[in-house]
Structures are given as structure tokens and as C-alpha cells.
1. Treating the angle as unsigned and between 0 and 90°, give the value, to the nearest 10°, between the Cα long axis of helix 197-217 and the longest Cα principal axis of the chain.
2. So for segment 2-138, Kirkwood radius off the Cα pairs, Stokes-Einstein at 10 °C and 1.306 mPa s: how many µm² s⁻¹?
3. With everything on Cα atoms, drop me the angle between helix 96-111 and the longest principal axis of the chain, reported from 0 to 90° to the nearest 10.
4. Just 119, 259, 179 to compare: in a GNM of the chain, with alpha carbon springs under 10 Å, which one fluctuates most?
5. Given the Cα-Cα distance of residue 44 and residue 153 and 0.36 nm per residue of separation, how much length would full extension add, in nm?
6. If the chain between residue 220 and residue 268 were fully stretched, how many nm would it gain, using 0.36 nm times the residue separation less the Cα-Cα distance?
7. Expressed as a whole percent, how much of the Cα-Cα distance distribution for segment 148-274 exceeds 20 Å?
8. Taking Cα pairs under 8 Å and at least six residues apart, what relative contact order does the chain come out at, in percent?
Ligand SMILES: [Zn+2]
């Protein structure tokens, strides 16, 4: 059974899924062979070498009724939505732009289902791992995200900017982890599925470049990529150097000692990053 439940005290939502023995499995359980290379199950969409397939133990399912019911003051509803995996054939680097183009097409398809209100996607980048985006669609709106004003102020200011061409790459103002970096279209406020394909490609190429820089600077630490829709959408890159500290567990506030200005300066120095 899958359920989306909203806390009556904090307003926060949670996905409950009794199909998940170990919570939460970020990807299918590891096997001898790469699960993605060995995949022979159903395919939802196929573009060149990129496939979109259903998650084998999805957090949300397309069947059901997402209308909420109130029980003991709390809101519960069936976890109607989508949970899909998107990956290219093999482990050779394919370029983020190729994956993002297919992701945008699938995102647009899912938006045709009126029950689906919120969309997000993430993938973990690690050396040797298959590049796999997980795409989620949920029956509730996600908090609005309007970074255009901040982006334009940063572009004028420049202290946290790494690159600024078709895409703007900058260090997050209030980084949740050291070196948190955002890549977003350099102009406009288009949402992900309504962005000019050339701009999607520019963001993808910029993500490739900054991922390389971060990976070299941080000794190949895994990096979580998160696609946040908004006006405009963005890719957040979150290096995973350590787990959350107790203060974050207790208050939700991340804590660390790297200011984004210093991180930008460090990453701008290509010689240091490639040493
Ligand atoms: Zn593989």
C-alpha cells in the first residue's frame, strides 16, 4: 500500500510504502550485474539509447484516487503519481543534455495527467555508476520556486558565479552542504517542460562542466543532482561529503563551515581543481 500523508502539526508530507522493506531504496537492490545494463522489463519511452522505465518498487503508482480524506485531523490520500527511471545504454558518459532532453519530454507527457501536480527528479553521480535519473510526479503542488530575481542580482554582482553563458552556474547563497552549486538558464523564467531545447542543452553542458570540477576538487565524492522546477527551473548539485549533523536532524538546519564565496573562489581556480 502506498500513501501520501500530511502531518497535521508541521504540515510536512511523507510517503508511506509497505512495499519497501528497507527505507528508502534509492535505486533497485544491487546485484552481481549492473541492474540497468541487465534491464529487460517494460519500457515506457525510448529515445535513441535512452530509456524510461517504471521503478520496480515505486514510491507512487499511477492507479488510484488521489482525493484526500481527513482522519483524526490528519490528511491522507492514495499515493497516486509516477516514479520512473531514465537512463542511457552502458556506462560511457552520454552528456547531461541528452538525458535532460528525454526527461523534459517525459515530464511533459506526465503533465497531461490532471491528477499530477508536482514534479521532481534526481540522480546520484558517482564514479563508475550508471547514470540514472529518478523522475517523480506527485498529486500535490510542490512549494513554488522563483529564483529568477536572485539569479539576475547574482549575475550583476558576480561573487558566486562560476560560469555565465547560455546557462548560469553559481554557488548557492545558503548552501545545505559544502559546494552546493546551482545551474539554471541564464535568462527567462520558463519552467522545465516549456524551456527552449537549446537552453536545456546549454544547462546540460554546464552541468557536465561543473560536475567535473566538483568531482576533481572533492576527490570523486558522490554528487546528487536535483532538478527543481520553478521560474526558471534549475539543477542543484549537492556533493555528499558526510551525513547530516545532529543539529540538522533536530532542527532541519544544515551546518558546515564552507562559505559559498570561498567555494566559488576555490572552484574557479582550474589548476587547483585538476591537481
Ligand atoms: Zn550499467
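Where a number appears in this text, it was derived from the coordinates with a stated rule and is not lab data. Everything quoted here is computed from the prediction, not taken from an experiment.
1. 70
2. It comes out at roughly 98 µm²/s.
3. The angle comes out at about 30 degrees.
4. Comparing 119, 259, 179 in the GNM, the peak value goes to 259.
5. Working: separation 109, 0.36 × 109 = 39.24 nm, distance 4.08 nm.
35.2 nm is the gain from fully extending residue 44 to residue 153.
6. Working it through step by step, the gained length comes to 15.5 nm.
7. Of all Cα-Cα pairs in segment 148-274, 42 percent lie more than 20 Å apart.
8. Once divided by the residue count of the chain, the mean separation gives 16 percent.
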